[in-house]
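Q: Below are the structure tokens for one structure; questions will follow.
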Amino acid sequence: MKGSVFIAVTVDGYIASRDGGVDFLDDFQDDEESGSAFTDFMASIDVIVMGRNTFDKVVSFGEEMYPYGKTPLVVWTRTPDAVKVPDYCKDVVSCSSKPLTALMDDLKAQGRTHVYVDGGTTVQSFLRTGMVQELIVTRVPVLLGEGISLFGKLDHAVKLKHVKTKTFPSGMITTHYQLVAPASNN
């Protein structure tokens with residue numbers, strides 16, 4: 001199964017402020033061209049796996065801002081019973097605390113072929129287990145100085161192959177990478 005990350009980071013490498021806020025993205029919401037890149041990406045995937053903190057942040061914006069439509073989404077968390085799933089997405093959202101390899105085996109058994117991985121800790125876990133094949137990272141022209149890092153501590157270097165880079169009038173830069181060999185500490 002293909003694992004892909006599509007995420008925005010500040011120039012200094014943060015995906016959110018220390019309190020999980022993503023207000024720094026507000027000035028870039030009207031960039032139609034970069035929005036269509038996300039739409040195209042979403043059309044290529046058939047399931048999303050994200051961590052609970054990321055899910056809680058996404059649903060806090062309300063139904064009108066929920067970006068995933070009817071795409072199945074799994075909230076990967078140690079406490080699945082504590083996740084509050086809003087009515088507008090309850091038909092497509094499930095929760096799991098299974099080990100990552102077991103969760104991925106379940107998704108494969110359901111016929112899933114391309115997973116969108118989202119959330120800092122979740123991305124790090126997927127990288128450590130060798131389940132990410134591509135990274136699509138959009139650098140947002142903002143410096144936060146501190147916050148939640150996308151990659152955090154990795155056990156070893158992860159070699160990437162540049163696929164393409166696209167710049168947008170807003171100053172955002174999206175770079176698409178493939179992992180040369182999936183990262184694994186095995």
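Just so it is clear, none of the values below were taken in a lab; they were calculated from the coordinates. Predicted, not measured: the structure shown is a model, and the values here were computed from it. As a convention, Cβ positions derive from the backbone with ideal geometry for all residues, glycine included, and neighbour counts pool all protein chains shown.
Q: Kindly put Phe126, Phe28, Phe38 in sequence by how many other C-beta atoms sit within 10 Å of each C-beta, fewest to most.
A: Fewest to most other Cβ atoms nearby, the residues stand as Phe38, Phe28, Phe126.
Q: Give me the lysines in straight-line cross-link reach of Lys90: C-alpha distance below 26 Å, same-chain residues under 8 apart excluded.
A: Lys2, Lys57, Lys70, Lys98, Lys108
Q: Going by how many other Cβ atoms sit within 10 Å of their own, how do Leu143, Leu25 line up, fewest first?
A: Leu143, Leu25
Q: So, in nm, how far is label Ile173 from label Ala102 when the simple model puts each one 7 Å beyond its Cα toward the Cβ?
A: Distance between the two pseudo-spin positions: 4.3 nm.
Q: Treating the beta-carbon of each Lys and Arg as +1 and of each Asp and Glu as -1, no other charges, what is the dipole magnitude of the chain about its Cα centre, to the nearest 20 debye? Don't skip to the end; give the middle numbers.
A: Numbers: 18 positive and 23 negative charges, 198 e Å.
The dipole magnitude comes to about 960 debye.
Q: Kindly put Asp40, Asp118 in sequence by how many other C-beta atoms sit within 10 Å of each C-beta, fewest to most.
A: Ascending number of Cβ neighbours within 10 Å: Asp40, Asp118.
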